[in-house]
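Just below is one structure, and these are the notes that go with it.
The values are calculated or read from the model by the stated rules, or taken from the named source; none is laboratory data. Just so it is clear, the model here is predicted, and its values are computed rather than measured. When we count neighbours, we look across all protein chains shown, and the Cβ atoms used for this are built from the backbone with ideal geometry, even at glycine. Only protein heavy atoms, including side chains, enter the accessible area calculation; ligands, DNA and RNA are left aside. Shrake-Rupley method; radii C 1.70, N 1.55, O 1.52, S 1.80 Å.
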Amino acid sequence: LADLGDIFYGASLEALDGNVSPLNPSSMAARRLEGQTKSAANVRNCIKGSYIYDADPEKPVQDPLCFRGGAYVNGSLRDALDYTEKYLNVQMNSTDDNPCVLIDERRMISCSNFEVTTLATAFELLAIVMVHISHMSCYRTIKLADPAFTRLPRFLSPDGGESHCFGAFQKDFVSLDAEIRLLSNPCSADFMAVAGDIEDHANNTPIAVQKLRTIVDDMRYIYGMELIHACQAIDLRKRKADIKLGQGTETVWSEFRKKVALYENDRPISPDIQKAYEFIKDGTLLTKVRDRIF
């Protein structure tokens, strides 16, 4: 999902005709945050050779933060993943027994090695970061439907604004975003003392993990709707000028168009949302783009 976020952000940046200066490796080096450095490199690889590097006197100096900071917030997810992976590896490759059997010392001692609060709160950290990921995607999608930012028809209408086109989409992804915010609320501190008041600490790790599982699935739908908007905007720009897409985003656009057609006439949008979700969950796109640019 972290890699997909970089790929889709790159497509949306092209759809906006956005600025590439926030992706500059020199500014990344000055900040020294590993996650955003990696995400920015991925995005640069995706949009390499894109028309958005061409000079455009009508382009704003700075884009909205959901575009300007896309790689930066995606990087926060990578940092949280690194933290979680570190302690998940400890959990899987060390004993959590009580009592602890110390073979070399030929003795057993009572302990609390079964504590997984570090791991539980790591999953909650991921859930909290996913709220920011979701917000950024939703705001990018909203901006892509707004002519004030894109200089394209409202709601990316193919007929110059006569049809409502993607106007109804916004209710769907903001509802999912609200669910992600709800699910991100920490649960590790919600416990009661049991076992004769001896076991007076817990962390609800299974609940934290299951909530994150739902958040990840919701995010696939949200990214799917962002991709629908990004590809629609790219097609509308292709109608206006002969634009060149980046080496990765060209793959994204062409593969997606095999599954979801350009919106040219009124049609139900629910099937397109489901197709976009399945396109993301399938993993084929990620494999093709990774092989080419990552």
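Ligands, DNA and RNA aside, Asp82 has an accessible area near 80 Å² when probed at 1.4 Å.
For the stretch 262-273, the Karplus equation 6.51 cos²θ - 1.76 cosθ + 1.60, evaluated at θ = phi - 60°, returns couplings of 4, 7, 10, 9, 4, 7, x, 8, 4, x, 5, 4 Hz by residue, with Gly and Pro reported as x. Spin-label pair Gln91-Glu179: with each label point 7 Å from Cα along the Cα-Cβ axis, the two points sit 2.4 nm from one another. With the highest mean first, a sort of the peptides 113-120, 226-233 on other beta-carbon atoms found within 10 angstrom per residue produces 226-233, 113-120.
Express the C-alpha Rg of the stretch 3-93 as a ratio against the empirical globular expectation 2.2 N^0.38 Å, rounded to two decimals. Don't skip to the end; give the middle numbers.
Numbers: Rg = 14.9 Å, N = 91, 2.2 N^0.38 = 12.2 Å.
Its radius of gyration relative to the 2.2 N^0.38 Å reference: 1.22.
Hey, any idea what % of the chain's accessible area is carbon plus sulfur with a 1.4 Å probe? Don't skip to the answer; put the middle values down first.
Numbers: 7920 of 14930 Å².
For the chain, the apolar C and S fraction of the accessible surface comes to 53 percent.
For the chain, what is the mean residue ellipticity at 222 nm derived from helices alone (per DSSP H run of n ≥ 4: -39500 (n - 2.57); sum divided by total residues; nearest 500 deg cm²/dmol)? Calculated mean residue ellipticity at 222 nm is -19500 deg cm²/dmol.
Coupling constants for the stretch 232-249 follow from the phi torsions by the Karplus curve (6.51 cos²θ - 1.76 cosθ + 1.60, θ = phi - 60°), and in residue order they are 4, 5, 4, 5, 5, 5, 4, 5, 7, 7, 7, 9, 10, 8, x, 5, x, 5 Hz; glycine and proline get x. Convex hull volume per residue, computed on the Cα atoms of the chain, equals 154 Å³.
In terms of Cα to Cα distance under 18 Å, which lysines are near enough to Lys258, apart from those fewer than 8 places away along the same chain? Straight-distance partners of Lys258: Lys238, Lys275, Lys281, Lys288. Length gained on full extension, Arg290 to Asp56, computed as 0.36 nm times the residue gap minus the Cα-Cα distance: 81.2 nm. The order of the peptides 262-274, 31-43 by mean Cβ neighbours within 10 Å, most packed first, is 31-43, 262-274.
Above 24 angstrom, tally the Cα pairs of the stretch 179-294 and express them as a % of all pairs, no decimals. So the portion of pairs separated by more than 24 Å is 47 percent.
Backbone phi angles across the stretch 62-68, fed through the Karplus curve with coefficients 6.51, -1.76 and 1.60 (θ = phi - 60°), yield HN-Hα couplings of 9, 8, x, 4, 5, 9, 4 Hz in residue order; Gly and Pro are listed as x. Size descriptors for the stretch 232-294 (Cα atoms only): Rg and Dmax, in that order, 12.9, 37 Å.
Normalised by residue count, the stretch 150-211 yields a Cα convex hull volume of 93 Å³ per residue.
Under a 1.4 Å probe, what is the accessible area of the chain per residue, stated in Å²?
On the way: 14930 Å² over 294 residues.
With the other protein chains kept in place, the chain gives 51 Å² per residue.
Remark: the chain carries a charge dipole of roughly 1140 debye about the Cα centre, counting +1 on each Lys and Arg Cβ and -1 on each Asp and Glu Cβ.
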